[in-house]
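Enquirer: Handing you a structure now.
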């Protein structure tokens, strides 16, 4: 594999699309999809130009399968720019651990996908490369695909979701800090998993908010997501926030123990599904509710018990999330100063060069987009001595409450917060454990929103953040959460449902997700 | 949780400050009669680890090519994460133990933010809220005063930036960036610049003896900031000023004595207020100058580092470090005394020992004390120390060499001492042999070399040789011989010297004198 070029993306795209020599994996349906659909979706920002990739791939479960990588995950052979002006032309000297693991398993890194700058956004509109356009087209539409309605692919991993949805790759990696994998998966009609925090290595993942960032997986089918998950869920000693092998084993054992007790034909007898009332906020569009209701009644008829639950700290989650994420972002993004790598804007002649910050300001003002600047400023304020207690510490307290809410709701203990001496006493069948195995709730408050023309103020700025109410609690608690397509809304666009499990119960989330997928398939056939 | 820590610190330390202030009887200083000076020190000591604090790259010496030891993490490349080097923790625990501090079972790392070109990440990782050790002390020999250590924290060093005024560019060298530092904060317990100087010297000796740091101020592996205030005896301490970037004990003393104390006294005497501020020191003018006032102090926006889980230590681990603690200077000194060494010999040995190379990751390296210890195993310590301090150190000094350049192994030196003690070579021949061995370094045993060089003491079977040398000398010095025969005893010494020279020290002077007396019939 070789890097296309260190040329700016726009030039590269033209060259890639017209160059006769550009025929990686020629003839494959994935490649055909890239050639016919990338321009219209704007999903890939860099493409590998390697010929016949499978020959160069190692043997393994992913042999020769093309996998797309979000532009904020480091690859040594393709640039990694976080879709930001400040990292234009930047190529990392190393592969992220997740990239390394995919290559070892035989995967072929087909390209880098568009995203919101540094992962900050929910619509994939804050990108130096322009927005990602959702590849979906309702079956009722008669317009040619290229002229389909322009809707958002969701963000921040919009390029990864679109690449999967358009059939341009087998699977894609995204990152999920507050919903950035689950939301685009929901909007594009694909499966998107945010694993438990600490299960997948963050080495090589460019930090937005370290305590929240997770590498996520997007694919068309739950089983494909599961395949990739099994390859990536490895302890990495380069990441000190990675869950220790003993915690992994403990979580796996309590999770399997619980699943082993599910019985019956559909194997759902004994599965207790919580439906949290706080996840139906007023801005929720009724159009996403119908597919969810159908799903819940099908699950119930297969033997699962539906339990209305309450997570009372949920209303505070959004504020806490933005304080923590922005505070960490303001710290993490301090390194983009134009001194060692990335874009550098020289101070104009006559500038005051006495203070370092004034010199950096030129690079940072030009290099960062508006949303990133906004969050850096908010985070910087939250960390100042005067604001620290009321913002950052308060947010940490809320985060603790959110975790406690989840721990109280789940039947399975959180191995990270339970002393190991208490674990053996846990009994999944005990009548006193009235908790639930998983939570199911709407993934998004609506179907994919239309892409508004640039600079139009059609949507109030706060509306963009309201969506995050449904995704940030699992991020704050570090829980596994997956968006699974459950059909279409009244407008014919995809609707996703969220399955959330206890920490370390990624396998259970995948298993329930597979059941959901099966039920949706069945409903389609009827 | 963090708030508790923050609030917890202040009242306790204030309490300590007042207490210390009351407890110490103020002694009039002739330099500033009617005034009391209060000094506290913040010392940054580089941890002597092979690798940096959070990355795999090596630590660097002063003279290395710039930017040679820089990993992507050190240069703050995106996607990199810190990984704590356990050696740095071990060495800090040694220092904490040596300073009698309480090691905290739980400490944590925080980010201190500011923009500077030699700080690649835009923040320094330090231990602001929960340091690794608190509450220790250093006992000064001067007046038997204890200087309390408030806390010890682990943090990262910065890179270096140098400004070239001619080209108007700054060059950045990241070799030092990310090297581990121990910040050792004292309470304001010192009352004179001399006490401050002794505190630093003791700290240097302690850190070096346990292998935690080179503690070298000239080379920048130990740096200090000084807090100074003045008050009338019996009054509360005055407002303190911090003097930064002092590059030696001398300049620290000059900064306090020649400038800062008098500046503050004259402000108070003129009815003005001392403003809390950070000051620099101009060595050429011997003056401190204002860098920034308290109002301009940057807001470092401290934040717990989300990439570093809390550092949890258990008692077993700490005890393991304690049980392997190298000897501290005071203990060494007592031990040497108990072995019969004089005060002077002990001081010489320990001064030389202080100049030894501190090994990486806690390896102690061969110093003069270790050399002495190895040699005195099974030998008379007083004989051994004489050979080291008088002969070995003397000859090394004559050759302009330091003890670190000594090429003679413990085995060779021990063999040499044994040869002399057992009369196999004379003391004089032993010294000749030592000189030869320093000039011609080899691993050959001293006894073998003595034989090859013909330096073995004359045996009784070889008495004819002695007679020949005596006759030769008498013949060569007829007037002196004549005088000797006439009873001039002093002139015999000249003849003895001549014989000794001819024998190359293989016979001792007494035997020569006897043989000469027989021949001269006196």
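Enquirer: Return only the number of the condition from (1) surrounded by 13 or more Cβ atoms within 10 Å (Cβ to Cβ); (2) assigned to a loop (DSSP other than H, G, I, E, B) that residue B:454 does not satisfy.
Expert: Residue B:454 satisfies all of (1) surrounded by 13 or more Cβ atoms within 10 Å (Cβ to Cβ); (2) assigned to a loop (DSSP other than H, G, I, E, B) except (1).
Enquirer: So, one more: If you check residue A:134 against the conditions, is it under 24 Å from residue A:322 (Cα atoms), crowded, with 17+ Cβ neighbours inside 10 Å, touching a residue at least 60 places away in the same chain (Cβ under 8 Å) and under 17 Å from the mean Cα position of the chain (by Cα)?
Expert: Against the criterion (under 24 Å from residue A:322 (Cα atoms), crowded, with 17+ Cβ neighbours inside 10 Å, touching a residue at least 60 places away in the same chain (Cβ under 8 Å) and under 17 Å from the mean Cα position of the chain (by Cα)), residue A:134 does not qualify.
Enquirer: Does residue B:41 fit the bill of being under 15 Å from residue B:229 (Cα atoms) and at pLDDT 95 or above?
Expert: Yes, satisfied.
Enquirer: When you scan segment A:61-115, how many residues do you find that are within 25 Å of residue A:223 (Cβ to Cβ) and either under 19 Å from the mean Cα position of the chain (by Cα) or away from chain B (no Cβ under 14 Å) (or both)?
Expert: 27
Enquirer: Separate question: All but one of (1) closer than 21 Å to residue A:185 by Cβ; (2) free of Cβ contacts under 8 Å to residues at least 24 places away in the same chain hold for residue A:117; state the number of the condition that does not hold.
Expert: It is condition (2) that residue A:117 fails.
Enquirer: Taking the conditions exactly as written (within 14 Å of another protein chain (Cβ to nearest Cβ), surrounded by fewer than 15 Cβ atoms within 10 Å (Cβ to Cβ) and more than 30 Å from residue B:33 (Cβ to Cβ)), does residue B:308 satisfy them or not?
Expert: So residue B:308 fails the test.
Enquirer: Quick check on my filter: what residues within segment A:380-393 are surrounded by fewer than 21 Cβ atoms within 10 Å (Cβ to Cβ) and assigned to a helix (DSSP H, G or I)?
Expert: The answer is A:380, A:381, A:389, A:390, A:393.
Enquirer: Follow-up. Is it the case, given these coordinates, that residue B:48 is more than 14 Å from chain A (Cβ to nearest Cβ) and either touching a strand residue (DSSP E or B) at 6+ places or on another chain (Cβ under 8 Å) or crowded, with 21+ Cβ neighbours inside 10 Å (or both)?
Expert: The answer is yes for residue B:48.
Enquirer: Evaluate segment B:62-83: report whether one residue or more is touching a helix residue (DSSP H, G or I) at 6+ places or on another chain (Cβ under 9 Å), within 14 Å of chain A (Cβ to nearest Cβ), farther than 28 Å from residue A:75 by Cα and at pLDDT 95 or above.
Expert: No, segment B:62-83 contains no residue that is touching a helix residue (DSSP H, G or I) at 6+ places or on another chain (Cβ under 9 Å), within 14 Å of chain A (Cβ to nearest Cβ), farther than 28 Å from residue A:75 by Cα and at pLDDT 95 or above.
Enquirer: Something else now. Residue by residue through segment A:268-280, note down the ones that are without any contact (Cβ under 8 Å) to a residue 40 or more places away in the chain and either on the phi > 0 side of the Ramachandran plot or surrounded by 15 or more Cβ atoms within 10 Å (Cβ to Cβ) (or both).
Expert: Residues satisfying the conditions are A:270, A:278.
Matching residues to (1) under 30 Å from residue B:325 (Cβ atoms); (2) in the same structural domain as residue B:97 (by TED's automatic domain parsing); (3) touching a residue at least 24 places away in the same chain (Cβ under 8 Å); (4) assigned to a loop (DSSP other than H, G, I, E, B):
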position	(1), (2), (3), (4)
B:197	yes, yes, yes, no
B:203	yes, yes, yes, no
B:212	yes, yes, yes, yes
B:252	yes, yes, yes, no
B:262	no, yes, yes, no
B:268	no, yes, yes, no
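Enquirer: Now for a separate question. In this structure, does residue B:366 turn out to be within 30 Å of residue B:46 (Cβ to Cβ), touching a helix residue (DSSP H, G or I) at 6+ places or on another chain (Cβ under 9 Å) and either surrounded by 14 or more Cβ atoms within 10 Å (Cβ to Cβ) or not assigned by TED's automatic domain parsing to the domain that holds residue B:512 (or both)?
Expert: Judged against the criteria, residue B:366 is a match.
Enquirer: Within segment B:124-157, which residues are touching a helix residue (DSSP H, G or I) at 6+ places or on another chain (Cβ under 9 Å) and assigned to a loop (DSSP other than H, G, I, E, B)?
Expert: B:128, B:129, B:130, B:132, B:140, B:141, B:145
Enquirer: With the condition kept exactly as written, say whether any residue in segment A:331-340 is within 13 Å of chain B (Cβ to nearest Cβ), buried (at least 22 other Cβ atoms within 10 Å of the Cβ) and not in a helix (DSSP H, G or I).
Expert: Looking through segment A:331-340, at least one residue is within 13 Å of chain B (Cβ to nearest Cβ), buried (at least 22 other Cβ atoms within 10 Å of the Cβ) and not in a helix (DSSP H, G or I).
Enquirer: Still on this structure, I have one more. Out of curiosity, is residue A:317 touching a helix residue (DSSP H, G or I) at 6+ places or on another chain (Cβ under 7 Å), buried (at least 16 other Cβ atoms within 10 Å of the Cβ), under 27 Å from residue A:115 (Cα atoms) and away from chain B (no Cβ under 14 Å)?
Expert: So residue A:317 fits the description; yes.
Enquirer: Would you call residue B:112 surrounded by fewer than 21 Cβ atoms within 10 Å (Cβ to Cβ) and under 14 Å from residue B:304 (Cβ atoms)?
Expert: Considered against the rule, which asks whether it is surrounded by fewer than 21 Cβ atoms within 10 Å (Cβ to Cβ) and under 14 Å from residue B:304 (Cβ atoms), residue B:112 comes out as yes.
Enquirer: Shifting gears a bit: Residues that are assigned to a strand (DSSP E or B) and either surrounded by 13 or more Cβ atoms within 10 Å (Cβ to Cβ) or in contact (Cβ under 8 Å) with a residue 24 or more places away in the chain (or both): does segment B:323-335 have at least one?
Expert: No.
Enquirer: Let me ask something else about it. Of all residues being under 21 Å from residue B:150 (Cα atoms) and in a strand (DSSP E or B) in segment B:89-123, which is farthest from the other protein chains (Cβ to nearest Cβ)? Just the residue, please.
Expert: Ranking the qualifying residues of segment B:89-123, first place goes to B:102.
Enquirer: Residue B:75 fails exactly one of the following numbered conditions: (1) touching a strand residue (DSSP E or B) at 6+ places or on another chain (Cβ under 7 Å); (2) under 30 Å from residue A:86 (Cα atoms); (3) touching a residue at least 12 places away in the same chain (Cβ under 8 Å). What is the number of that condition?
Expert: Status for residue B:75: all satisfied but (1).
Enquirer: May I pose another question? Can residue B:86 be described as within 14 Å of chain A (Cβ to nearest Cβ), exposed (fewer than 14 other Cβ atoms within 10 Å of the Cβ) and modelled with pLDDT of 95 or more?
Expert: yes
Enquirer: Moving to a separate point now. Out of (1) in contact (Cβ under 8 Å) with a residue 40 or more places away in the chain; (2) within 14 Å of chain A (Cβ to nearest Cβ); (3) at negative phi, what's the single condition that is false for residue B:169?
Expert: Condition not satisfied by residue B:169: (1).
Enquirer: Right, here's the next one. Yes or no: segment A:369-379 includes at least one residue that is within 13 Å of chain B (Cβ to nearest Cβ), more than 23 Å from residue A:469 (Cα to Cα) and part of a helix (DSSP H, G or I).
Expert: Within segment A:369-379 (the criterion being within 13 Å of chain B (Cβ to nearest Cβ), more than 23 Å from residue A:469 (Cα to Cα) and part of a helix (DSSP H, G or I)), the answer is no, since none of the residues qualifies.
The values are calculated or read from the model by the stated rules, or taken from the named source; none is laboratory data. As the structure is a computational prediction, the values presented were derived from the model and not from experiment. Using ideal geometry, Cβ is built from the backbone for each residue, glycine included, and neighbour counts are taken over all protein chains shown.
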